[in-house]
Structures are given as structure tokens and as C-alpha cells.
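Below is one structure, written out as C-alpha cells; comments come after it.
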Amino acid sequence: MKKTLLVAVFALIGSAAMAQSGSGFGIKAGLSYNKNGDLIGSVGDGGQDIVEGAEGKAGYHFGFWGKLDFPKIYLRPELVYSKTKSSYDLPDGDSEDYDVSKLDMPVLLGYKLIGPLHVFAGPAFQYTLNNDFGDIEIEDVKNDFTVGLNAGVGVNLGNVGLDVRYERGFSENEAEIINNNIANLENSRVDSRPSQIIFALSLKL
């Protein structure tokens, strides 16, 4: 009886996974936990770190995906709007949130492990739309276009997919801090490269 039940469970999981297999497209959304890089001192300070790393905060994303399916691998490009947030403790004792809005285009190569379980990795091409540092005035990021890496694991159940991935920005990208009244921050820079864990829910249409 137990063996029959186990076979039935695996058959159900297999049929549910097949429902989302095959080429197609869909929508996705989810939450993330992001940390940006250091606050970096001016050239006159020898480029020293004023604040090492940021305190991570929750962000979100939503967008579209497409999929080209093959027997054991798949190719999945995505186009996603992302909003990330992190927080810095400043030298004057206050803290400010650093918000970044961007368009992400990951191009993922996936490998099907067993049943609905799969792993994936690939480059993520990023375009920064806006960056804001609380009440501190900053310039736009140095490079609007940057490249990062996505890697993760997912599971497909029917038309629904769940995945968790790590994203890391490769390209060095900074925004200069200007016109502020905080000591030790004039002509300094904030590292806008993301380092985040992303939880996503996708739906095949």
C-alpha cells in the first residue's frame, strides 16, 4: 500500500512538472533581500572606505519571461523591473536608505535535475533607471548599463514555478555624493552594485 502510494505521488509530481515544461512564456514577481557596496571616501582620502557595506533591506520585482525547452536543458530570458533598498549608517550617527530602480534582463541556461527540480545560471544585463540616497543629493550612477550574474534553483508545479537565486553585480558602478552637509561625505561615492537573494513566483500563460 505504501509503495503504491509512493508511486502515485511521484506520478502526480511528474505530471504536474510536465504542465510547465515545453517552450512558452509567462509572468513573474517576487521579493528580494539586497545589500549594496561600500561608501568610499574621496580621492584625497586615498579612496578609503567610510562605511563598509550596507545593511540589507527588502525589495521587489515583477516582469516577464520566455522559455525555449530542450530534453535536459532550457534557455530562459527574462525582462524584469526591480526595486532594491539598502541602508547606511553615516558618520554623523544618522542612517539613510539607498534606493535603486532598474531593468534586469537575465539570460538563464537551466539544467533539469529530477522531476520538477532544476538549476540555472547566466548573465544579467542591467539598466539603472533611478537611484536615490534619502536626503543626500547624489549624481546618476557612472554607468547606466552593467552586467551581473544570476544563479539559483527552482521547482515547477503545474503552471506555477518557484525559484530562489543569488544575484551579484560584476561591473564596478558608483554614484558620487554632492551638495551635502555631512562631514566626511563630500565628494564621496556609493557603490551601487547589488548583492541580493531573490525569491520569485512565476506563472506560465
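The values are calculated or read from the model by the stated rules, or taken from the named source; none is laboratory data. If you're wondering where the values come from, they're calculated on a predicted model, not measured in any experiment. Glycine gets a Cβ as well: all are built from the backbone with ideal geometry, and neighbour counts include every protein chain shown. Only protein heavy atoms, including side chains, enter the accessible area calculation; ligands, DNA and RNA are left aside. Shrake-Rupley method; radii C 1.70, N 1.55, O 1.52, S 1.80 Å.
Some points to look at:
- Failed item, numbered, when GLY122 is tested on (1) of a type outside the set (Val, Ile, Thr); (2) open to solvent by 30 Å² or more (accessible area, probe 1.4 Å); (3) modelled with pLDDT of 90 or more: (2)
- Among the criteria (1) in contact (Cβ under 8 Å) with a residue 40 or more places away in the chain; (2) not in a strand (DSSP E or B), the one GLN196 does not fulfil is (2).
- VAL141 satisfies every condition listed in (1) out of contact with any Pro (no Cβ under 6 Å at 6 or more places or on another chain); (2) aliphatic (A, V, I, L, M); (3) surrounded by 15 or more Cβ atoms within 10 Å (Cβ to Cβ); (4) assigned to a strand (DSSP E or B) except (4).
- Residue match in segment 161-173 (condition: open to solvent by 10 Å² or more (accessible area, probe 1.4 Å), modelled with pLDDT under 75 and either among the hydroxyl-bearing types (Ser, Thr, Tyr) or part of a loop (DSSP other than H, G, I, E, B) (or both)): yes
- ASN150 vs. criteria open to solvent by less than 30 Å² (accessible area, probe 1.4 Å) and at pLDDT 85 or above: yes
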